[in-house]
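The values are calculated or read from the model by the stated rules, or taken from the named source; none is laboratory data. What you are looking at is a predicted structure, and each value in this text was computed from that prediction instead of being measured. Ideal geometry is used to build each Cβ from the backbone, glycine not excepted, and the neighbour counts take in all protein chains shown. Side chains included, ligands, DNA and RNA excluded: accessible areas come from the protein's heavy atoms. Shrake-Rupley method; radii C 1.70, N 1.55, O 1.52, S 1.80 Å.
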Amino acid sequence: KEALELAGKMVKRGRGGKLMPQNLVDGKFWSAERFWSIAREGANEDTFPYYRNAKLSWAKNIKKPFLVIIGEYEQHADRPTPELMKIFRDQISAKYFTGKIIPGTDHGFKGKEKEMARVIAHWIGKVA
């Protein structure tokens, strides 16, 4: 909450391009403007749960198989990837949800492309 309030003040004062104090954003490098744009519940970019106690408003609408793949070292996550995956798992019906964290890689899955392809192919085989 403190980080969000500070980011809002910085943006309103024209300092949105400045970095947020790392102690307020789990040691990450976020500009105030970027943090403000993703961390506010109900904001335009409120698709994924960057704020604590996240609610995925769209998750209840999922009525088809849904695959979430996250790299273990996802550099855009604001929390450890198992916690992020748990948010998806807890809010998307188990009937439709499949989640996989690919070890040893980040958002781009560099070096793990074949493993990611295997995960996707296996999932398609199960749901097709």
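Some points to look at:
- Using a probe of 1.4 angstrom and keeping all protein chains present, the accessible surface of the chain works out to 66 square angstrom per residue.
- Note on the chain: GNM, Cα springs under 10 Å; of Arg118, Arg34, Arg79, the largest mean-square fluctuation is that of Arg118.
- Debye, to nearest 20: dipole size of the chain, +1 on Lys, Arg Cβ, -1 on Asp, Glu Cβ: 300 debye
- Within the accessible area of segment 1-118 (1.4 Å probe), percent carbon and sulfur: 52 percent
- J(HN,Hα) series, segment 19-28, from Karplus relation 6.51 cos²θ - 1.76 cosθ + 1.60, nearest Hz, glycine and proline x: 6, 6, x, 4, 5, 8, 10, 6, x, 7
- Taking chymotrypsin sites (Phe, Trp or Tyr not before Pro) in DSSP loop conformation with at most 12 other Cβ atoms inside 10 Å as exposed sites, the chain has its longest uninterrupted site-free stretch at 59-128.
- Of all lysines in the structure, those lying under 27 Å Cα to Cα from Lys86, and not within fewer than 8 positions of it along the same chain, are Lys1, Lys28, Lys55, Lys60, Lys63, Lys64, Lys95, Lys100, Lys110, Lys112, Lys114, Lys126.
- Gly71 long-range amide H proximity, modeled H, under 5 Å: Ile102
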